[in-house]
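Novice: Would you mind keeping the following structure in view while I ask a few things?
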Amino acid sequence: MSETNSTETPETRAYVIHPDIPSREGQRHLPEFALAEAVSLAAALPHLEVVGSEIAKLRKPEPGHLFGSGKLAEIKERLEANDVDLVLIDGPVTPVQQRNLEKEWGVKLLDRTGLILEIFADRARTREGVLQVELAALSYQRTRLVRAWTHLERQRGGLGFVGGPGETQIEADRRAIDEQIVRLRRQLAKVVKTRELHRAARRKVPFPIVALVGYTNAGKSTLFNRVTGAEVLAKDMLFATLDPTMRGLTLPSGRKVILSDTVGFISDLPTQLVAAFRATLEEVLEADLILHVRDISHPETEEQAQDVNDILAKLGVAKDVPLIEVWNKIDAVPPEPRAALLVQETREPDLQAISALTGEGIAGLLAAVDEKLAEERFIEEITLRFAEGRKRAWLHEQNVVRAERQTDDGWSFEVEWSGSQRNRFRAL
């Protein structure tokens, strides 16, 4: 006799609110698009059903509750009518505001950072990815120990990853979190060292690294799958890929490259997450060529592109790393603007219009990548002091040394390298 599986996690009924605060600094996206993105973020979590959403216009945030008393009561009615379990606030919420709103509405609440942490925790696959998420979550949790989380005391099994303990244990819990952070950092150091060994081995294979970057949901994974034949998770879902996936790719000329698919960037990415995932994006930092994949059909494609450029700058990606802008989803653009985009593409060498879904433009993109990587190589003489052993090791790892001799003060080299390799060497 078959039995119903009673261990299945029930759906959590969620309600998404985007606070529209005109004075908010750095606000780049229109409220309706910001709300749509927040709803998509929520939909990226399993066992979560979005039962409603709204834009809440605020003149200024109230220190204690974020919203004024009238708006609080109005929202509470909607939450009760929809039997809501979880409210997602698309923006920053202070610990005090979070505690008061949960008490007022009788629901669990997550702000934007908490929601992104939940998604990162659900998507992380590699050991390093998991440790990165735990470290970021503990740092976030530590700042919120003023709250009474008594109704959230459960192990992570869906939502609740960024939950914490009750107020009476604040100091003990802070110490426990600090100790756990130290342990995680030690574990992470070991994992990063292992990855460094893997990267060192990869550098000895003289294949250039081509990194896909872009706003989340721009179609990077679909493009990755299209050109490599890999089956990376490619869904119409934000943050579908978190840990970098790398595959070999042979270009039309026969040149072999390593293609790296990375986590999608997003506006207002919490600072602690940029820091935590820096190591996960090392392939971007070491790339010989970056493909910036854009959803050219999105109404806010320009704003999304600027968000990506801002995060690349925060990550320290050198401006002199060659970059091709890839206008994806050209198939979703209406005929007239599409024709204009294709004309613009012909005028700009570092721009390629494609559809990763249909395959349109892929051959042209691969040819452009081929051409970009066939850059002029330079033969130069350089000298290093004995104290610069790290730079010497880097030269050998890159296989650019044609000749080497020891001098009284250090070493003299004859190297053959590309402009991007020269720039990376100078940045060491």
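Novice: First check a/c for region 12-110, with a ≥ b ≥ c the square roots of the eigenvalues of its C-alpha gyration tensor; if it is under 1.5, answer rounded, and if not, answer prolate when a/b is larger than b/c or oblate otherwise.
Specialist: The shape class here is oblate.
Novice: For an R0 of 56 angstrom, estimate the FRET efficiency from the Cβ-Cβ distance between Glu49 and Glu381 and round to the nearest 0.05.
Specialist: Computed FRET efficiency for Glu49 and Glu381: 0.30.
Novice: Compute the separation of the alpha-carbon centres of region 359-401 and region 105-148 and state it in Å as a whole number.
Specialist: 38 Å
Novice: Spelling out what I want: for every residue of region 284-299, take phi, set θ = phi - 60°, compute 6.51 cos²θ - 1.76 cosθ + 1.60 (Karplus), and round to whole Hz; glycine and proline get x.
Specialist: 5, 5, 9, 5, 7, 8, 10, 9, 8, 8, 10, 7, 6, 8, 6, x
Novice: Same structure, new question: Estimate the FRET efficiency between Arg183 and Phe207 by the formula 1/(1 + (r/R0)^6), using the beta-carbon distance for r and 30 Å for R0, to the nearest 0.05. Provide the component values of the computation, followed by the final result.
Specialist: Details: r = 36 Å, r/R0 = 1.21.
That gives a FRET efficiency of 0.25.
Novice: Assigning unit charges at the beta carbon (Lys, Arg +1; Asp, Glu -1) and nothing else, what dipole magnitude in debye, to the nearest 20, does region 377-427 show about its Cα centre?
Specialist: Charge dipole, region 377-427, about its Cα centre: 260 debye, nearest 20.
Novice: Please work out the Kirkwood hydrodynamic radius for region 377-427, using every pair of different C-alpha atoms, and report it in angstroms with one decimal place.
Specialist: Working: mean 1/r = 0.0914 Å⁻¹.
Kirkwood hydrodynamic radius for region 377-427: 10.9 Å.
Novice: Next up: Given R₀ = 60 Å, what would the calculated FRET efficiency be for Glu360 paired with Ser412, taking r from the Cβ atoms and rounding to 0.05?
Specialist: So the FRET efficiency works out to roughly 0.70.
Throughout, read-outs are computed from the coordinates displayed, never taken from laboratory work. These figures come from a predicted structure and were not determined experimentally. Positions of Cβ are backbone-derived with ideal geometry, glycine not excepted, and every protein chain shown enters the neighbour counts.
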